[in-house]
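Right, one structure below, let's go through it.
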There are 2 protein chains.
Amino acid sequence: MTKKPTQLAYVHAYEYIRDRILSGELERGTKLVEERLAEEMGISRTPVRDSIRKLEQEGLIKQKCVVNPSDMDLRHVFQVRTLLEGFAANYCATYITDEALAKLKNCVDIGRTGTIEEVMAANKEFHEIIVGATNNPVMIDIFDRMQSIIYLFRKTVVLHKRPLLIEEHHDIYEAIRQHHADEAERLMKEHLQLDLEFCLNRMKG
Amino acid sequence: MTKKPTQLAYVHAYEYIRDRILSGELERGTKLVEERLAEEMGISRTPVRDSIRKLEQEGLIKQKCVVNPSDMDLRHVFQVRTLLEGFAANYCATYITDEALAKLKNCVDIGRTGTIEEVMAANKEFHEIIVGATNNPVMIDIFDRMQSIIYLFRKTVVLHKRPLLIEEHHDIYEAIRQHHADEAERLMKEHLQLDLEFCLNRMKG
DNA sequence: GATGGATATTTTGTATACAATTTAAAATAA
DNA sequence: TTATTTTAAATTGTATACAAAATATCCATC
C-alpha cells in the first residue's frame, strides 16, 4: 500500500490535468493546448502530451477538448454500468466475503450519519466494493473508467442529495447479505435507473 | 468510408506494432524496445512511444511487454463479453433493423460455404453486427478493445474449426429474427461459454 | 456587408540530445 | 560456488528545436 514517491513528470501532469477537469476548473469543451499546460506546470510538452493521450483514451478528452457529454452519452454509460453492476450485485449475494460485507454496511451507515464529504465518499465506495468483489480486473477497469465521466456529470448534481438513495443502498446491502441474488441484481438496476433519471433531470435545469 | 491518406508516423507505428503482435511475430512476453522499433520503421522514438502508450491502454502491452494473458485473464474477458453480448442479443431481438438482420443471415451463410478466411471474417462480423446494433458507442468501444485480446488467444486456436459454431450462430440468428429476446440472450451466453471452454482446452495442448 | 483567398500565427507532429533510471555484467568477498 | 557490491550498458523519461499542419487574420473583391 506504500505509494511510490514517483515524481515522474507525466504522472504529475496526468493527475494535474485530470483533477482540473473533474473539478470543473477546465470547463467542458475547453481546448487543451499542450504548450500552455506545460508552461503552467513548469515542464516540457513531452510529458504533457503523454498525459493528454492517456486522458483521451479514458474518455475525458476528445480531440484535444474536454469532453462535453450529452444526455445520450450518459444514457449509454449507464446502460453499460447497469449491466456490469447488476451482475456484480448478483455475484456478491453468493460470493462476497464477510469483510467486504461489513465494509458495505459501513458505507450505508456513514450515508446516514456522515458529513457531506463523508457521505459522498461512502456512496462511491459502496459501488466500488460491489464491483471489486467480482475480482474481475477487466470489469473493475471498465467501471473505473466510466467513473470519471459519471463524476463529471454528478459534480453538477452532487450538492442536491437525492432522496431515498441511502435507503436503496441499504436494500441492496440487505439483499446481498441474505444471499438473494436476483433481488440484489434487480434492486441495483432500479437504483441505477433512478440515479440516471435524477442526473438527467437536474441537467435540464 | 474513404480512408484518410494520413501518413502520420504514429498512426503507422501503431498499426505496425499492433499487427505484429496480433500476427504473432512479436511473441507474448517480448519486451518492446522503443529505439529498436523506431529504427526498424525508420522513424524516431517519439511516435513509437505514442503508439506503445496507446497499445498499453488497449491492453495489448503491459509494462513494455507483449501481454501474455493467462487462462484466468481470458475467463475475465469472457465474463464481461458474455454480459455485453447477451444484452446485445436480447436488444437485437426487438430493435435490430431489417438491413442488419440480412447481414447477420449472410454471415451465417458464409460460415457454411466460404473459405477459411471468409468464414473467420464472417464469424467475427456476426458478433460485431449484434453489438453494433445496440447503437451504444460505449459498449461498442469496450467490445472492440476486448477483441484484440480475444484474437490473441483465438489465433492459436483458429485453425481448428470448432464444431457446431455455425449452428449456434444460426440459432441465435433465428431467435433474433423471431423476436425471441430471452432465447436469443440465452443462446448467445451458451455460445460464448462453449467458445471460452474450447479456447481454454486448446491452450492446454 | 459578405465572400474568397493569401498571409501570418498558433498548435501539433517529429527528430534529436541529454539526463535519470533501470537492467545487465563484472568483479570481489564470503 | 554463491552472494554482494561496483561498474558499465541499455533503456526510458524529459527537454528542446524544427517541420508540418491547422487556425486565425487580414485584405481585396464582389
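For this structure, a couple of remarks:
- In segment B:9-66 the Cα-Cα distances spread across 5 Å bins starting at 0 as 4, 23, 36, 28, 9, 0 percent of all pairs.
- The residue list A:Gly59, A:Val11, B:Leu83 was ranked by how far each Cα lies along the charge dipole of the protein assembly as shown toward its positive end, using unit charges on Cβ atoms, and A:Val11 comes out on top.
- In sequence order, calculated HN-Hα J values of segment A:65-72 (Karplus, 6.51, -1.76, 1.60; Hz; x Gly/Pro): 10, 4, 4, 10, x, 8, 3, 4
- With its label point put 7 Å out from Cα toward Cβ, A:Ser44 sits 1.0 nm from the same residue's point in the other copies, in order from shortest.
- For segment A:71-204, the spread of Cα positions along the three principal axes, ordered from largest to smallest, is 40, 32, 23 Å.
- Dipole magnitude for the protein assembly as shown: about 1140 debye, using +1 per Lys or Arg Cβ and -1 per Asp or Glu Cβ, origin at the Cα centre.
- Acute angle (nearest 10 degrees) that the helix A:181-204 long axis makes with the longest principal axis of chain A, alpha-carbon atoms: 40 degrees
- Separation in nanometres of the label points that stand 7 Å from Cα toward Cβ, at B:Glu174 and A:Arg36: 6.1 nm
- Per-residue 3J(HN,Hα) values for segment A:56-61, derived from phi via the Karplus relation 6.51 cos²θ - 1.76 cosθ + 1.60 with θ = phi - 60°, read 5, 4, 6, x, 7, 10 Hz in sequence order (x marks Gly and Pro).
- Helix A:116-132 axis, angle to chain A major axis (alpha carbon atoms, nearest 10°): 80 degrees
- Rel. contact order, % - alpha carbon contacts under 8 angstrom, at least six apart, segment B:82-129: 33 percent
- For the rotation that carries chain B onto chain A, the axis lies closest to a Cβ at B:Gln57, 2, where the number is the distance in whole Å.
- Relative contact order, whole percent, for chain B stands at 25, derived from Cα pairs under 8 Å and 6 or more residues apart.
- Interchain or long-range residues, amide H under 5 Å from A:Lys62's placed H: A:Val67
- Point-to-point label distance, B:Asp141-A:Met203, nm (Cα→Cβ direction, 7 Å offset): 1.4 nm
- Qualifying trypsin sites (Lys or Arg not before Pro) in segment A:107-205, where qualification requires a DSSP coil assignment and no more than 15 other C-beta atoms within 10 Å, comprise A:Lys155, A:Lys161.
- When each of A:Lys161/A:Lys189; A:Lys103/A:Lys161; A:Lys54/B:Lys31; A:Lys105/B:Lys189; B:Lys105/B:Lys161 is checked by Cα-Cα distance, pairs over 24 Å: A:Lys105/B:Lys189
- Estimated dipole of segment A:71-204 in Debye, rounded to 20 [Cβ of Lys and Arg +1, of Asp and Glu -1, Cα centre]: 460 debye
- The trypsin sites (Lys or Arg not before Pro) found in segment A:1-96 that occupy coil by DSSP, while having at most 15 further C-beta atoms within 10 Å, are A:Lys3, A:Arg28, A:Lys64.
- Between this copy and the others, label points of A:Glu118 are 6.8 nm apart in ascending order, each placed 7 angstrom from Cα in the Cβ direction.
- FRET efficiency for the pair B:Leu164 and B:Arg45, taken as 1/(1 + (r/R0)^6) with r the Cβ-Cβ distance and R0 = 41 Å, rounds to 0.25.
Throughout, read-outs are computed from the coordinates displayed, never taken from laboratory work. Since the model is a prediction, treat every value here as computed from it, not as a measurement. No Cβ is skipped: glycine too gets one built from the backbone with ideal geometry, and neighbour counts run over all protein chains shown.
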